[in-house]
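The values are calculated or read from the model by the stated rules, or taken from the named source; none is laboratory data. Because the structure is predicted, anything quoted here is derived from the model rather than measured. Positions of Cβ are backbone-derived with ideal geometry, glycine not excepted, and every protein chain shown enters the neighbour counts.
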Amino acid sequence: MADTSLFSPENLEAARVFVGSALALTGAVFSAAGSIGVLRFPDFYTRMHSASVTDTLGATLVLFGLMLIGGWSLVSFKLLCIWIFFMFTSPTASNAAANGAMKAGLEPFLGKWTGQKIKIEGQEALRAQEDRE
């Protein structure tokens with residue numbers, strides 16, 4: 001007689017794969033949202049923030065989903081090592097890029113963004129545009 005209980009090994013395996021797939025898909029959606037944010041936001045700092053936060057969350061969800069799908073194995077351990085490496089390097093790289101931009105003189109775009117595309121050829125053009133408004 002087959003085991004038809006809710007917690008049978010076949011049902012638990014299917015649930016594990018389903019939850020892992022859902023996590024991986026959710027992570028891919030977060031990463032795609034971050035990519036859209038990079039295209040939509042007005043300046044370097046907001047674009048960088050969008051990319052770093054959503055990619056960190058997206059990568060976490062994708063890697064944990066793949067760990068669930070893979071089960072307890074060497075592959076899961078390797079994915080965990082990749083996640084730990086990513087958690088150290090992604091925020092550090094974002095911080096380094098922001099500090100480099102600030103030291104190079106790139107100022108954040110402050111104020112209300114109207115959605116209009118403006119042509120900027122350096123900080124002087126931006127300041128001139130602000131003075132006209």
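Annotations for the structure displayed:
- Among (1) more than 10 Å from the chain's Cα centre (by Cα); (2) modelled with pLDDT of 90 or more - the single one Gly71 does not satisfy: (2)
- Just one of the listed residues (Ala51, Ala14, Ala32, Ala59) is free of Cβ contacts under 8 Å to residues at least 60 places away in the same chain and farther than 22 Å from Asn95 by Cα, and it is Ala14.
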